[in-house]
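This report refers to the structure that appears directly beneath it.
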Amino acid sequence: MSSVRILTRGVDLAAARAATLNLPRASIGSTVLRRELSSAAIVRPTVRRSLKANALVTDVASRAANQAVRYASSSSEPLSKTQLYDLHLEHGAKMVPFAGFDMPLQYADLSHVESHMWTREKASLFDVSHMVQHQLSGPGAIDLLKKVTPSSVDKLAPNSSTLSCLLEEGTGGIVDDCVITRRGEDSFYFVTNAGRRAEDLAFLSAEIDAYRSKHGADSIKWEILADRALVALQGPLAASVLQPLINTANTPSSETDLSTLYFGNCRELYLTLPDGSATAHPLLISRTGYTGEDGFEISIPTSGAPSLPRQVTELLLTDSSKSRLAGLAARDSLRLEAGMCLYGHDITTAQTPPAAALGWIVGRDRRDPVSATFNGASVILSQLASPKTIPQRRVGLTVEKGPPAREGALVLDISDPANPVEVGVITSGLPSPSLGGANIAMGYVNQGLHKKGTELAVKVRNKVRKATVVGMPWITSKFHRPPQ
Amino acid sequence: MSSVARAIRPFASRVISQKPLASACQVSPAFRFPRGTRSFSQSPLSQVKKYTESHEWIELAEGGKTAKIGITDYAAHSLGDVVYVELPEVDLEIVAGEPVGAVESVKSASDVLSPVSGKVIKGNSVLEDKAKTINESPEGEGWIAEIEVADAAELDALLDEAAYKETIDA
């Protein structure tokens, strides 16, 4: 008992330290709901959670209203709805507040685990219309993107995309992660997180205003594509679901053939509606996703055609033996297995891309300290040059059989079992459905303990559980890439 | 690749093929009890089952000295696939409102709070290997702890079935 007490004290100290560092922390019982609701800026109190908090959706809703950062400045503010809200209800969705939206957690036909496995074996359709779609163009577009991100956006081929991060001036901290697609010579489409909407818009407004004040009001045109829906079709059957729906009239087959649309590329294509006509607008179809599976993200315009998102969704769900709706619960477990970060949990403004194991997003031609002008370049480039200066690094961990280590669980070095030392914190973790329930987690550990194979431990409900640093992802990514 | 696929398939089929066990204690989440007592109560004098607002149930055994504790059908249904249950240690002294175990689904972890004070006799070892029993029979075979009740009168303050149903319908 006495050793337990010592450990308990250790937790409290660590909690206080984490709070001052503004690290993401949650109670032991953090849930996908709670995790996705909160932003990095909120330091969650370390409270134990009972079933009541988990089981009652109304309770979750009221907590969410208090926590949501964007629209919900007061608990009375209503949640936004995506264009597919009614369709979710018709499919028996369990709706939860997420980033200011009322979003589906899962649907009546499949449990969380079943929906997860369905995505890995067949195809799932996710409504991600809550995410923020931007259009940026003008002679200053490239310069602006080269200031706010470390990506070589000027080297992107037309209709190709890259994962990137918006970076804070000075610190190089991650304001948000995003996917940037080059649509033309000086025209870009990019998608940012719903949970960071307010912060991203404030950040981008300030950067764009500053650029315009130097280069003229017409140097940059920036538009939020607020009327667009966005759905993600993910899984090994995604292409076979989408291909027959592509409208081939008046379009060369080289364009309509999805087998030549590779990971990270996009095309504008029409679908064929059940009556044989083409969709009112072409859809921007990007071969990408956030599950580790092959798949597409489909941006759907709605001007003059408000029912287009529903029409497209119903088309994609025509054969329920192949494709089904999936919600936030499956999305979270799928992305974690794929080693992908969830903003506000695995990455925050407290981390730079190198600390977050995202150093690869820094373009090769952007690593010269003399010419690199992106926000935080001096910090980030010195970390890339001397990785040992990074205090804590994001790693994957597998945890021994037993309870999973979830967000907020402490990572311990138990090389001296009598004197466990706190060396990090878990930022995401769950029993992996694809790995038969094996416990996987990502988190930050001190420099030097980040190497694969390092034996560490995590603390779950005051019990110490063995954990090992492992490479990510846990599942093999199945992106559709061009033949070598 | 193939090893991953092999690991996936048996798990998925197991999950999908599992049907809820037919049990006297099984209550479908949609079912509304038309009455305040349970049909299987054989000896109304000694068998008492009460509920908490935090979705635990406690049922006194004959004699009123010991009781089983678990989570309600509603809670089990809301949690979804239970993947791990933390059982209490034997002889653990517990205070009403303090954790007597924990239930984890893929997406969340929840403490199970003891409705009354007492001492743990045993945890339900069935759950060590088959956590999903909680989903199949949360108020029957999926009980979590058996305790020696310190004072059976503590149950009087808990919710009866009708009152509990009201809290979840509200």
| task | Give the residues of region A:473-484 that are surrounded by fewer than 19 Cβ atoms within 10 Å (Cβ to Cβ) and of a type in the set (A, V, I, L, M, F, W, C), sorted by residue number. | result | A:Phe479
| Looking at region A:314-329, which of its residues are in contact with a Pro (Cβ under 7 Å, 6 or more places away or on another chain) and among the charged types (D, E, K, R)? | none
| query | Has region A:438-458 got at least one residue that is buried (at least 17 other Cβ atoms within 10 Å of the Cβ) and modelled with pLDDT under 95? | reply | no
| Conditions (1) within 11 Å of chain B (Cβ to nearest Cβ); (2) modelled with pLDDT under 95; (3) under 29 Å from A:His116 (Cα atoms): number failed by A:Gly429 | (2)
| Candidate set: region A:236-274, residues that are in contact with a Ser or Thr (Cβ under 7 Å, 6 or more places away or on another chain) and closer than 28 Å to A:Arg197 by Cβ; chosen: the one surrounded by the most Cβ atoms within 10 Å (Cβ to Cβ) | A:Cys266
| request: Mind listing just one residue for me: the one in region A:248-280 that is over 29 Å from the mean Cα position of the chain (by Cα) and among the small types (Gly, Ala, Ser) and, of those, farthest from A:Pro158 (Cα to Cα)? | output: A:Gly276
| said: Any residue at all in region A:159-168 that's closer than 25 Å to A:Ala305 by Cβ, among the aliphatic types (A, V, I, L, M) and within 18 Å of the chain's Cα centre (by Cα)? | reply: no
| request: May I ask you to list the residues in region A:287-310 that are touching a residue at least 40 places away in the same chain (Cβ under 8 Å) and over 18 Å from A:Thr119 (Cα atoms)? | output: A:Ser299, A:Ile300, A:Pro301, A:Thr302, A:Ser303, A:Pro306, A:Leu308, A:Pro309, A:Arg310
| field | Top-ranked residue of region B:93-103 - restricted to ones that are free of Cβ contacts under 8 Å to residues at least 40 places away in the same chain and either within 11 Å of chain A (Cβ to nearest Cβ) or surrounded by 19 or more Cβ atoms within 10 Å (Cβ to Cβ) (or both), ranked as nearest to A:Pro403 (Cα to Cα) | value | B:Ala102
| request: For region A:395-414, state whether one or more residues are among the polar types (S, T, N, Q), modelled with pLDDT of 95 or more, not in a loop (DSSP other than H, G, I, E, B) and not assigned by the TED database to the domain that holds A:Val231. | output: yes
| query | Only one of B:Val116, B:Val120 is part of a strand (DSSP E or B) and surrounded by 17 or more Cβ atoms within 10 Å (Cβ to Cβ); which? | reply | B:Val120
| task | For region B:61-84, name all the residues that are part of a helix (DSSP H, G or I), of a type outside the set (A, V, I, L, M) and at the interface with chain A (Cβ under 7 Å from one of its Cβ atoms). | result | B:Tyr74, B:Ser78
| field | Filter pass, A:Ala239 being at pLDDT 95 or above and within 19 Å of the chain's Cα centre (by Cα) | value | no
| If we scan region A:99-119, do we find a residue that is within 18 Å of A:Cys266 (Cα to Cα), touching a Leu at 6+ places or on another chain (Cβ under 8 Å) and in the same structural domain as A:Gly195 (by the TED database)? | no
| task | Could you grab me the full set of residues in region B:107-134 that are in contact with a Ser or Thr (Cβ under 9 Å, 6 or more places away or on another chain), over 19 Å from B:Lys50 (Cβ atoms) and within 14 Å of another protein chain (Cβ to nearest Cβ)? | result | B:Lys107, B:Ser108, B:Ala109, B:Ser110, B:Leu127
| Which of the residues that make up region A:216-227 are closer than 11 Å to A:Ala141 by Cβ and not in a strand (DSSP E or B)? | A:Ser219, A:Ile220
| query | Which numbered condition trips up A:Leu233, out of (1) surrounded by fewer than 22 Cβ atoms within 10 Å (Cβ to Cβ); (2) within 24 Å of A:Thr192 (Cβ to Cβ)? | reply | (1)
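Step by step: first the residues of region B:146-170, then only those that are part of a strand (DSSP E or B) and more than 14 Å from chain A (Cβ to nearest Cβ), then the one that is surrounded by the fewest Cβ atoms within 10 Å (Cβ to Cβ). Which residue is that?
B:Glu148
The values are calculated or read from the model by the stated rules, or taken from the named source; none is laboratory data. Values in this document were obtained by computation on a predicted structure and should not be read as measured data. Glycine also receives a Cβ, built like all others from the backbone with ideal geometry; neighbour counts cover every protein chain displayed.
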